[in-house]
Amino acid sequence: MDHPYRRHDGPATAALSAQITDLYRRCYAAPPWSETPEQIAAYPGRLADSMTRPGFTCWTTHDERERLTGVCYGWPTPADLSGNRTHAMLIRGLGAGATADLVRGAFEVAELFVHPDTQGRGIGGGLLAAAVTGWPTPLDPVY
């Protein structure tokens with residue numbers, strides 16, 4: 001089955017937020033993630049905060065009935081790497097300069113999840129590819 005990927009900005013994603021939240025709940029309330037009810041309840045706020053980030057972009061895919069089957073979203077890496085625990089971990093391990101070289105100009109994927117009934121069909125890989133196409137990777141030289 002072909003899964004066309006649709007690109008959305010923040011306002012377009014906001015229009016889908018109830019569907020995205022429902023899919024998140026389906027994906028993360030069950031094992032292996034087993035998020036708590038409090039974690040699930042906090043997700044809509046995290047999604048709303050994410051949509052305000054500069055360069056926020058979301059990709060979705062839907063089945064033939066227009067049911068949301070997958071979501072991937074993120075934003076360009078900010079110039080200021082402070083205040084992010086992933087960046088802090090990288091800085092502790094690699095140093096500030098090497099971390100900046102590694103992530104500069106990249107697209108950070110914040111969330112990627114696929115409906116449990118449609119997993120194993122390449123949807124997640126396709127969403128990830130759509131999200132990062134055209135962005136540098138850690139293996140690309142930065143000049």
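Taking the conditions (1) open to solvent by less than 60 Å² (accessible area, probe 1.4 Å); (2) in a loop (DSSP other than H, G, I, E, B) in turn, Gly74 satisfies each one other than (2). Inclusion of Thr21 among residues that are in a helix (DSSP H, G or I), in contact with a helix residue (DSSP H, G or I) (Cβ under 8 Å, 6 or more places away or on another chain) and either at pLDDT 95 or above or acidic (Asp, Glu) (or both) is warranted. Of all the numbered requirements in (1) open to solvent by less than 90 Å² (accessible area, probe 1.4 Å); (2) in a helix (DSSP H, G or I); (3) within 14 Å of Trp75 (Cβ to Cβ), Pro44 misses one, and that requirement is (3).
You will find that of Ala106, Ala42, Ala100, the residue that is of a type in the set (A, V, I, L, M), out of contact with any strand residue (DSSP E or B) (no Cβ under 7 Å at 6 or more places or on another chain) and at pLDDT 90 or above is Ala42 and no other. Against the condition within 28 Å of Ala30 (Cβ to Cβ), surrounded by 11 or more Cβ atoms within 10 Å (Cβ to Cβ) and in contact (Cβ under 8 Å) with a residue 24 or more places away in the chain, how does Gly105 come out, does it pass? Here the answer is no, as Gly105 does not meet what is asked. Taken over segment 47-68, the criterion of being assigned to a loop (DSSP other than H, G, I, E, B) and either touching a strand residue (DSSP E or B) at 6+ places or on another chain (Cβ under 9 Å) or at positive phi (or both) is satisfied by Arg53, Pro54, Gly55, Phe56, Asp63, Glu66.
The values are calculated or read from the model by the stated rules, or taken from the named source; none is laboratory data. Note that the coordinates shown come from a computational prediction; the quantities given were computed from them, not determined experimentally. No Cβ is skipped: glycine too gets one built from the backbone with ideal geometry, and neighbour counts run over all protein chains shown. What goes into the accessible areas is simple: the full protein's heavy atoms, side chains included, and nothing from ligands, DNA or RNA. Shrake-Rupley method; radii C 1.70, N 1.55, O 1.52, S 1.80 Å.
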